[in-house]
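*Asks:* I'd like to ask some things about the structure below.
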2 protein chains.
Amino acid sequence: MMAHKEPEEIKKGELDKYTLNLVSQTFKTLGDPTRIRILHLLFQKEYSVNTIAKVLDLQQSTVSHQLRLLKNLRLVKYRREGTTLYYSHDDEHVIDILKQAIDHASHH
Amino acid sequence: MMAHKEPEEIKKGELDKYTLNLVSQTFKTLGDPTRIRILHLLFQKEYSVNTIAKVLDLQQSTVSHQLRLLKNLRLVKYRREGTTLYYSHDDEHVIDILKQAIDHASHH
DNA sequence: TGTATATATTAGCATATGTTCATATAATAG
DNA sequence: CTATTATATGAACATATGCTAATATATACA
């Protein structure tokens with residue numbers, strides 16, 4: 001339950017900094033409608049940047065910016081084919097958590 | 001998987017607005033270190049506002065503000081005893097998701 | 001080389017967010 | 001009532017965030 005315990009200052013049962021940062025950053029990244037829509041689109045299969053933009057009615061720049069955030073957190077990866085980059089999800093666990101949340105929220 | 005489908009404009013497999021808002025708002029709320037620390041503290045049992053502030057080394061005002069956010073999203077509830085309010089978590093599913101994320105993140 | 005297409009990047013702006021300080025409210029004891 | 005304790009609230013501030021417009025980069029191809 002608690003790993004990476006450098007002998008720093010860890011209070012009774014408190015989360016260590018590393019875990020706290022990673023968890024909050026991950027949730028913060030999931031806490032935006034645009035990024036959720038992108039990840040939701042990538043549930044089934046990979047999509048190019050332009051296709052994502054068209055399907056979700058977003059600007060190419062917007063999609064690119066958000067994909068960079070998602071890529072920094074290793075939530076998506078990409079594959080190149082010519083000038084086209086095909087993005088797909090890259091963290092089964094986070095995707096699973098997102099699916100749970102969507103499922104929970106959509107049941108009213 | 002998709003409920004509350006008012007016959008509005010729902011594209012192929014896209015999330016409806018209600019679900020999208022609820023999910024993103026929930027994740028956004030979980031995306032802050034202070035709120036995670038508070039919720040993590042409430043994993044086991046209820047705590048008063050002042051106790052939370054002392055244990056987590058936060059100002060009373062900060063804790064109160066964040067608890068209000070959490071309460072608005074029904075993530076916590078409280079019980080009054082005199083002038084003291086004892087807060088506890090109020091959404092098993094979200095707590096479970098938070099636990100999963102912490103567990104996943106702490107395993108390095 | 002030059003052109004076309006796909007994507008990335010930078011800067012700017014408006015809005016959102018989290019904390020602090022000061023103050024207000026609520027409940028209890030005397 | 002007054003005083004005390006616990007909590008909530010409002011304003012102000014600094015910082016973070018997300019989008020857009022413009023531009024840059026990269027790959028492919030003639």
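Each reported figure results from applying straightforward, stated rules to the coordinates on display, with no laboratory input. As the structure is a computational prediction, the values presented were derived from the model and not from experiment. As a convention, Cβ positions derive from the backbone with ideal geometry for all residues, glycine included, and neighbour counts pool all protein chains shown.
*Asks:* 5 Å is the cut-off here: which amide hydrogens, built 1.01 Å from N in the peptide plane, fall below it relative to B:V76, excluding neighbours closer than 5 in sequence?
*Replies:* Close amide H contacts, sequence-distant or interchain: B:K71, B:D90.
*Asks:* Tabulate in residue order the Karplus-calculated ³J(HN,Hα) for the stretch A:44-57, using 6.51 cos²θ - 1.76 cosθ + 1.60 with θ = phi - 60°, rounded to whole Hz; enter x for Gly and Pro.
*Replies:* 8, 7, 6, 9, 7, 4, 5, 5, 4, 4, 5, 4, 8, 6
*Asks:* Continuing with this model, one more query. Points 7 angstrom from Cα along the Cβ direction at A:D103 and A:Y18: gap in nanometres?
*Replies:* 3.1
*Asks:* If you don't mind, another one. Using the Cα gyration tensor of the stretch A:12-59, with a ≥ b ≥ c the square roots of its eigenvalues, what is the shape: rounded (a/c below 1.5), prolate (a/b larger than b/c) or oblate (neither)? Don't jump to the answer; show the numbers that get you there.
*Replies:* On the way: a/c = 4.15, a/b = 3.11, b/c = 1.34.
Prolate is the answer for the stretch A:12-59, as a/c is 1.5 or above and a/b outweighs b/c.
*Asks:* Separate question: For every helix of n ≥ 4 consecutive DSSP H residues, a contribution of -39,500 (n - 2.57) applies; sum these over chain A, divide by its total residues, and give [θ] at 222 nm rounded to the nearest 500 deg cm²/dmol.
*Replies:* Numbers: 5 runs with 59 residues, N = 108.
Computed ellipticity for chain A at 222 nm equals -17000 deg cm²/dmol.
*Asks:* Using a Gaussian network model of chain A with C-alpha springs under 10 Å, which one of A:L58, A:L42, A:L73 is most mobile by mean-square fluctuation?
*Replies:* For chain A, modelled as a Gaussian network with Cα springs under 10 Å, the answer is A:L58.
*Asks:* Quick one: what does P(r) look like for the protein assembly as shown with 10 Å bins over all Cα pairs, in whole %?
*Replies:* Distribution as computed: 8, 31, 31, 20, 9, 1, 0 percent.
*Asks:* Now a separate question. Where a ≥ b ≥ c are the square roots of the eigenvalues of the C-alpha gyration tensor, would you call chain A rounded, which needs a/c under 1.5, or, failing that, prolate if a/b is larger than b/c, or oblate?
*Replies:* On the way: a/c = 2.62, a/b = 1.80, b/c = 1.45.
Cα axes put chain A in the prolate bin.
*Asks:* Within 10 Å of each Cβ in B:87-96, how many Cβ atoms from other chains are there, averaged over the peptide?
*Replies:* Values: counts 0, 0, 0, 0, 1, 0, 5, 3, 0, 3.
Average per residue, whole number: 1.
*Asks:* Separate question: Of the listed pairs A:K77/B:K71; B:K17/B:K71; A:K99/B:K71; A:K71/B:K54; A:K17/A:K45; A:K28/B:K71, which have alpha-carbon separations greater than 26 Å here? Before the final figure, lay out each step's value.
*Replies:* Details: A:K77/B:K71 36 Å; B:K17/B:K71 22 Å; A:K99/B:K71 24 Å; A:K71/B:K54 38 Å; A:K17/A:K45 34 Å; A:K28/B:K71 19 Å.
Those over the limit are A:K77/B:K71; A:K71/B:K54; A:K17/A:K45.
*Asks:* Once label points are set 7 Å from the Cα along Cα→Cβ at both A:H93 and B:T84, what is their separation, rounded to one decimal in nm?
*Replies:* 3.7
*Asks:* Along Cα-to-Cβ, 7 Å out, sits the label point; list in nm, shortest first, how far the one on A:L69 is from those in the other copies.
*Replies:* Distances to the matching label points in the other copies: 1.5 nm.
*Asks:* Still on this structure: Using a label point 7 angstrom from Cα along Cα-to-C-beta, what distances in nm, from shortest up, separate B:D32 from the other copies?
*Replies:* The answer, with the shortest distance listed first, is 1.8 nm.
*Asks:* Tell me, what ³J(HN,Hα) does each residue in the stretch A:81-87 have, in order and in whole Hz, if you take phi through Karplus 6.51 cos²θ - 1.76 cosθ + 1.60 with θ = phi - 60° and put x for Gly and Pro?
*Replies:* For the stretch A:81-87, the Karplus-derived couplings read 9, x, 8, 9, 10, 9, 9 Hz, x marking Gly and Pro.
*Asks:* While we're here: Anyone know which of B:S61, B:S48, B:S88 comes out most mobile in the 10 Å Cα GNM of chain B?
*Replies:* Result: B:S61 has the largest fluctuation of those listed.
*Asks:* Here is a further query. Compare A:Y47, A:Y18, A:Y78 in a GNM of chain A, Cα atoms joined below 10 Å, and give the one with the largest fluctuation.
*Replies:* Result for chain A, Cα springs under 10 Å: A:Y18 fluctuates most.
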